[in-house]
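For reference, the structure discussed in these notes is given below.
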Amino acid sequence: ETKPKVTFNPPLKAIMVPLTFSGELKFKNFTYNKFRGTFQAIIQPKEANKRNFLEKLSGKTQTVAVHAVIKRGIKKGEIIHASDVELAEFSPRRVPRNAIQTKKQLIGMIASKRLRAGSIIRSSDIEIRKIIKKDQLVTLVLQKPGLSLKTQGKAVTSASLNETITVMNIQSKRVIHGVVKGPGLVMVQTNNYQIKPLKTAQLN
C-alpha cells in the first residue's frame, strides 16, 4: 500500500491567534516544485481585517509504501505472532513485487528462512503452518446423507487447513486423498473412495 506523506521543514509549531479568530485560513503565495516535491506557502486569516499573524510553511511531499515487517529476528521454522509484526514506511523503489503488505498476512505463518528484524518480508520467505505433518496418525471421515463413517489413517504428506492431503488407510493400506478440516481430521472425497468403518463408525 502506498500513501502520500508530507514533511514540514522546519516542523510545525503552535502560533498565537486573536480570541476573535474564526478559525478560517487561506493560503498565500503557494509554490510547488513537482520534480523535487518541495513546497512553500504563507497562511493567514481569511478575514481581510485580521492580518496580525502570518505563518510561513515549507516542506516536502513524497509517496511512501507501508508494509509489515518483523520486529525481531525470526528463526527458520518459527511461528510468527502478532507481537512480532509492525508496519513501517519505505521508498516504493525499495519494495520488491512479492513483498508482504499487511500484518494479517504474516501472523500465524511459518518462516521458511531466517528473517532479520526490520526487513521487508517476501511471500517466498513464509509458508502456511502445517497442522498435519507427514507420518502423523489422522482420523478419516466419510460423510453422506444420513451416514458418517470414521477410521484411522496415516498422513503421507504434510498439509495446512483446507489443503488437499495424501493419506493411507491403515486398515486397507490404500492411499487416498482428502481435505484437512482440523488438527488430525481429514474429510475423504466421497466420489472415489469408500471407507470400511471400524468401531468408530457412526450412523445418523
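The values are calculated or read from the model by the stated rules, or taken from the named source; none is laboratory data. Because the structure is predicted, anything quoted here is derived from the model rather than measured. Positions of Cβ are generated from backbone atoms using ideal geometry, with glycine treated the same way; all protein chains shown enter the neighbour counts. The accessibility values were calculated without ligands, DNA or RNA, using every heavy atom of the protein model including side chains. Shrake-Rupley method; radii C 1.70, N 1.55, O 1.52, S 1.80 Å.
What's the whole-number percent of alpha carbon pairs in region 58-135 lying beyond 14 angstrom? Don't jump to the answer; show the numbers that get you there.
Values: 1826 of 3003 pairs.
Beyond 14 Å sits 61 percent of the P(r) for region 58-135.
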Roll a 1.4 Å probe over the protein heavy atoms and report the accessible area of His67 in Å², nearest 10. 10 Å²
Accessible area (Å², 1.4 Å probe, nearest 10) - Asp84: 10 Å²
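Evaluate Rg over Rh across region 1-88, taking Cα atoms for both radii and Kirkwood's formula for Rh.
Values: Rg = 20.9 Å, Rh = 16.9 Å.
Rg/Rh: 1.24.
Between exposed chymotrypsin sites (Phe, Trp or Tyr not before Pro) in the chain, where DSSP calls loop and at most 14 other Cβ atoms lie within 10 Å, what's the longest gap? Each step should come with its number before you reach the end.
Details: sites that count: Phe35, Phe53.
Free of exposed loop sites, the longest segment is 54-204.
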Would you mind telling me the share, in percent, of accessible area of the chain contributed by carbon and sulfur at probe 1.4 angstrom? 53 percent
So the pair-distance distribution of the chain, from every Cα-Cα distance in 10 Å bins, comes to percents of 8, 21, 16, 15, 14, 9, 7, 8, 3, 0
Relative contact order of the chain (C-alpha contacts under 8 Å, at least 6 apart) in percent is 14 percent
Given Cα positions, please report Rg to Rh for region 95-144, the hydrodynamic radius being the Kirkwood one. 1.17
Relative contact order (%) - criterion: Cα under 8 Å, at least six apart; region: region 1-86: 33 percent
